[in-house]
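S.K.: Sharing a structure, written as structure tokens. Questions coming.
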Amino acid sequence: MKRIAIYPGSFDPVTNGHIDIVQRGLQLFDTIIVTILVNPGKKSLFPVPKRMAMLRESLSSLAGVEFDSYDGLLVDYAKQRGATAVLRGMRAVSDFEYEFQMALMNRKLDRDIQTVFLMTGLRWIFTSSSIIKEAAQFGGDIEDMVPPVVYRELKKKFHPTGSSA
């Protein structure tokens with residue numbers, strides 16, 4: 001039986017921490033479906049098609065990765081896709097409470113879907129999409145924290161004339 005996991009997130013934008021989780025997750029699962037969860041209540045920097053394109057380019061060298069977006073209950077989506085696990089990355093203790101609550105709710109909704117937590121690699125423990133967007137907006141050097149396509153898109157978004165601030 002094929003081991004399939006859903007790796008959900010906003011990926012606005014994808015970071016090297018996300019890439020790290022997918023790479024290590026592929027050691028546990030045959031297929032990882034990287035899924036943009038659409039949250040209409042959350043203002044995004046990039047629209048879903050742009051985020052999807054950045055994900056595809058950033059993870060193009062990895063076999064066993066699929067891409068999708070979804071706007072319903074995660075456990076329903078996992079069941080539709082034949083997944084038995086939800087893959088989640090955790091950076092620090094501050095992530096634990098929220099992730100624990102989500103895992104418990106998903107377990108309550110569907111006992112057949114397991115949540116697997118991977119600690120982000122130490123190199124990426126301080127990064128988040130929010131922090132990277134803020135640093136990029138003010139001209140911070142984030143080039144080594146994101147895939148090249150994301151770096152280019154953030155520069156276009158925040159500094160279209162080529163200036164750094």
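S.K.: Along Cα→Cβ, 7 Å out, is where each label goes; now give me the distance between the ones at VAL48 and ALA135 in nm to one decimal.
M.R.: For the pair VAL48/ALA135, the computed spacing is 2.9 nm.
S.K.: Okay, next question. Is it possible to state the helix-based mean residue ellipticity at 222 nm for the chain, with each DSSP H run of 4+ residues giving -39500 (n - 2.57), the sum divided by total residues, to the nearest 500 deg cm²/dmol? What is it?
M.R.: Details: 6 runs with 65 residues, N = 165.
The per-residue figure over the chain is -12000 deg cm²/dmol.
S.K.: Using only Cα atoms, what is the ratio of the radius of gyration of the range 89-150 to 2.2 N^0.38 Å?
M.R.: Values: Rg = 15.2 Å, N = 62, 2.2 N^0.38 = 10.6 Å.
Scaled against compact globular proteins, the figure is 1.44.
S.K.: Over 22 Å, how big is the tail of the calculated P(r) for the range 1-98, in percent of all Cα pairs? Write out the running numbers ahead of the final one.
M.R.: Working: 1258 of 4753 pairs.
Summing the P(r) tail past 22 Å for the range 1-98 gives 26 percent.
S.K.: Same structure again: Taking square-rooted eigenvalues a ≥ b ≥ c of the alpha carbon gyration tensor, is the range 53-110 rounded, prolate or oblate, where a/c under 1.5 means rounded and, failing that, a/b exceeding b/c means prolate?
M.R.: Numbers: a/c = 2.36, a/b = 1.32, b/c = 1.79.
Oblate is the answer for the range 53-110, as a/c is 1.5 or above yet b/c matches or exceeds a/b.
S.K.: Another question, then. At a 10 Å Cβ-Cβ cut-off, how would you order HIS159, HIS18, fewest neighbours first?
M.R.: Numbers: HIS159 14, HIS18 26.
Arranged by neighbour count, lowest to highest, HIS159, HIS18 become HIS159, HIS18.
S.K.: Right, something else. Which one of ILE33, SER69, GLY139 has its Cα pushed farthest toward the positive end of the charge dipole of the chain, where Lys and Arg give +1 and Asp and Glu give -1 at the Cβ?
M.R.: With unit charges placed on the Cβ atoms, the residue in question is SER69.
S.K.: Based on other C-beta atoms within 10 Å, arrange GLU134, GLU97 from fewest to most. Walk me through the numbers on the way to the answer.
M.R.: Values: GLU134 12, GLU97 9.
So the residues, fewest neighbours to most, are GLU97, GLU134.
S.K.: Rounded to two decimals, what is the ratio between the C-alpha radius of gyration of the range 1-55 and 2.2 N^0.38 Å? Walk me through the intermediate numbers first.
M.R.: Values: Rg = 12.2 Å, N = 55, 2.2 N^0.38 = 10.1 Å.
My calculation over the Cα atoms of the range 1-55 gives 1.21.
S.K.: Which residue fluctuates the most in the chain, going by a Gaussian network model with Cα springs under 10 Å, if the choices are MET90, MET145, MET102?
M.R.: So, out of MET90, MET145, MET102, the one fluctuating most is MET102.
S.K.: Placing unit charges on C-beta atoms (Lys and Arg positive, Asp and Glu negative, everything else neutral), compute the dipole magnitude of the range 10-165 about its Cα centre in debye, rounded to 20. Mind showing how you got there, number by number?
M.R.: Values: 19 positive and 18 negative charges, 50 e Å.
For this selection, approximately 240 debye.
S.K.: Any idea what the relative contact order of the chain is, in percent, if you count C-alpha pairs under 8 Å spaced at least 6 apart? Please list the in-between numbers first.
M.R.: On the way: 236 pairs, mean separation 46.3, N = 165.
After rounding, I find 28 percent.
S.K.: Same structure, new question: Using a 10 angstrom Cβ neighbour count of at most 14 plus a DSSP loop assignment to flag exposed trypsin sites (Lys or Arg not before Pro), which longest range of the chain is free of such sites?
M.R.: Values: sites that count: LYS2, ARG3, LYS42, LYS43, ARG111.
Formally, the longest exposed-site-free interval is 44-110.
S.K.: So between ARG123 and ASP68, what do we pick up on full extension, going 0.36 nm a residue minus the alpha carbon distance?
M.R.: On the way: separation 55, 0.36 × 55 = 19.80 nm, distance 2.72 nm.
Answer, rounded to one decimal: 17.1 nm.
S.K.: Take LEU26, LEU59 and order them by how many other Cβ atoms sit within 10 Å, fewest up front. It would help to have the intermediate numbers written out before the result.
M.R.: Working: LEU26 18, LEU59 21.
In increasing order of surrounding Cβ atoms, one gets LEU26, LEU59.
S.K.: Compute log10 of I(q)/I(0) for the chain with the Debye formula, placing one identical point scatterer on every Cα and leaving out solvent, at q = 0.09, 0.10, 0.11 Å⁻¹, to two decimals.
M.R.: Ignoring solvent entirely, the Cα scatterers give -0.30, -0.37, -0.44.
S.K.: As an exercise, identify the chymotrypsin sites (Phe, Trp or Tyr not before Pro) in the range 90-150 lying in DSSP coil whose Cβ has no more than 15 other Cβ atoms within 10 Å. It would help to have the intermediate numbers written out before the result.
M.R.: Working: sites: PHE96, TYR98, PHE100, PHE117, TRP124, PHE126, PHE138; in loops: PHE126, PHE138.
Answer by residue number: PHE126, PHE138.
S.K.: Post the alpha-carbon centroid distance, the range 108-150 to the range 21-46, in whole angstrom.
M.R.: Distance between centres, Cα-based: 11 Å.
Read-outs throughout are calculated quantities, based only on the coordinates presented, and are distinct from any laboratory measurement. What you are looking at is a predicted structure, and each value in this text was computed from that prediction instead of being measured. Neighbour counts are summed over all protein chains in view; Cβ atoms, including those assigned to glycine, are modelled from backbone coordinates with ideal geometry.
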